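The values are calculated or read from the model by the stated rules, or taken from the named source; none is laboratory data. This one's a predicted model, so the numbers in the text were calculated from it and none came from an experiment. With ideal geometry, Cβ positions are generated from the backbone for all residues, glycine too; neighbour counts draw on all protein chains shown. Remember, those area values only see protein heavy atoms, side chains included, never the ligands or the DNA or RNA. Shrake-Rupley method; radii C 1.70, N 1.55, O 1.52, S 1.80 Å.
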Amino acid sequence: TESCTFDPKRNLILSMNAGSREKGAKEDGYVSLINPDGSVHTAKWIGASRDGLTLINPLGSALHDGVLYTVDSGFVRSFDLETGSPLRSIEIPGSGFLNGIAIADDGTAYVSDTRPGERVYKVTPDGDVSSFAEGAPLTSPNGVAMDNDSNIVVVNMGSTDVLTYNPAGEIVRTEQAAESGSDGVVVLPDGTKYVSSVRYGSVSKLVMGEKTEVIA
């Protein structure tokens, strides 16, 4: 399981399950539904049937306006949140390892490219793809989230930087996680950020104006 996202309407956790990454492996990515108590609701919700489905290694995920979005092997793919039916697959040409994704209120997707491009792409609802941010201080960007001011928050694998970009692509805030290797990031309604380090196995809590705290 590479990422999880919560569906408050159904009170279920959507789990993106990457398929086998061995050479010559068949396309076998899928999505599970998990109850909040950790029990399995539906082991294979998307992926029980491969009919009309292309889903190889789904990684980052996000929900918006009745749609599930995930990044998968060079594409942003979307699915109907009620039925699980495939909607669109938008290719991001020249991308390396697409990883995290966040969706703005207008349906624009922001997607991190962890390697080797060190870039964040912007994908409009019409399917137009452009480079949103690239180069330093991005260093192996991974998790992406929207904050409560419609800004884009990006965390780095290669540094402790937690970068907040405005929609014009300008950095408006730089904060620090407790450790590098940042993977996931969530922003709460009060602005508190939680950042997970996959490299060191920790979770940082970031509150503006306070010292970053390791809570787990």
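For residue 172, the residues 5 or more places off, or on other chains, whose built amide H falls under 5 Å of its own are 164, 165, 166. Per-residue Karplus couplings for segment 115-121, computed as 6.51 cos²θ - 1.76 cosθ + 1.60 with θ equal to phi - 60°, are listed in order as 8, x, x, 6, 8, 10, 9 Hz, Gly and Pro entered as x.
The radius of gyration of the Cα set in segment 171-216, together with its Dmax, comes out at 10.0, 28 angstrom. A straight chain from residue 41 to residue 150 at 0.36 nm per residue would run longer than the Cα-Cα distance by 36.0 nm. The aspartates and glutamates whose alpha-carbon is closer than 19 Å to the alpha-carbon of residue 211, local same-chain residues fewer than 8 away aside, are 161, 175, 179, 190. The order of 199, 77, 119 by accessible area, most exposed first and with a 1.4 Å probe, is 199, 119, 77. With contacts taken as Cα pairs under 8 Å at a separation of at least 6 residues, the chain carries a relative contact order of 9 percent. Label positions at residue 199 and residue 80, each projected 7 Å from the Cα along the C-beta direction, are separated by 4.3 nm.
With 10 Å bins beginning at zero, the pair-distance distribution over Cα atoms of segment 38-95 amounts to 22, 55, 21, 2 %. Distance check, please: which entries in 26/205; 44/205; 122/193; 23/193; 26/193 exceed 30 angstrom between their Cα atoms? Violating the 30 Å Cα-Cα cut-off are 26/205; 44/205; 23/193; 26/193. Each residue of segment 64-72 is assigned a 3J(HN,Hα), and the resulting list reads 7, 6, x, 10, 9, 10, 8, 9, 7 Hz, derived from the Karplus form 6.51 cos²θ - 1.76 cosθ + 1.60 (θ = phi - 60°), x at Gly and Pro.
Summing Cβ point charges (Lys, Arg +1; Asp, Glu -1) relative to the Cα centre of segment 23-180 gives a dipole of roughly 600 debye.
Under the shape rule built on the C-alpha gyration tensor, where the axes satisfy a ≥ b ≥ c, segment 87-194 is oblate, since a/c reaches at least 1.5 while a/b does not exceed b/c. With the convex hull constructed from alpha-carbon coordinates only, the chain shows a mean projected area of 11.9 nm² over all directions. Simple spin-label estimate for residue 213 and residue 166 gives 3.1 nm between the two label positions (7 Å along the Cα-to-Cβ direction from each Cα).
Computed from the C-beta positions of residue 48 and residue 176, the FRET efficiency with R₀ = 41 Å rounds to 0.45. When only alpha carbons are used to place a centre, segment 79-119 and segment 148-168 end up 16 Å from one another. Proximity of backbone amide H atoms, modeled 1.01 Å from N, is registered between residue 159 and 181, 182 at under 5 Å, excluding neighbours fewer than 5 places apart on the same chain. Per-atom-type breakdown for the chain gives carbon and sulfur 47% of the accessible area (1.4 Å probe, protein chains only).
Quick check: net charge around residue 203, other residues with Cβ under 13 Å of its Cβ, Lys/Arg +1 and Asp/Glu -1? Here the charged neighbours net out to 0. Sorting the segments 85-96, 180-191 by their residues' average number of neighbouring beta-carbon atoms within 10 angstrom, most packed first, yields 180-191, 85-96.
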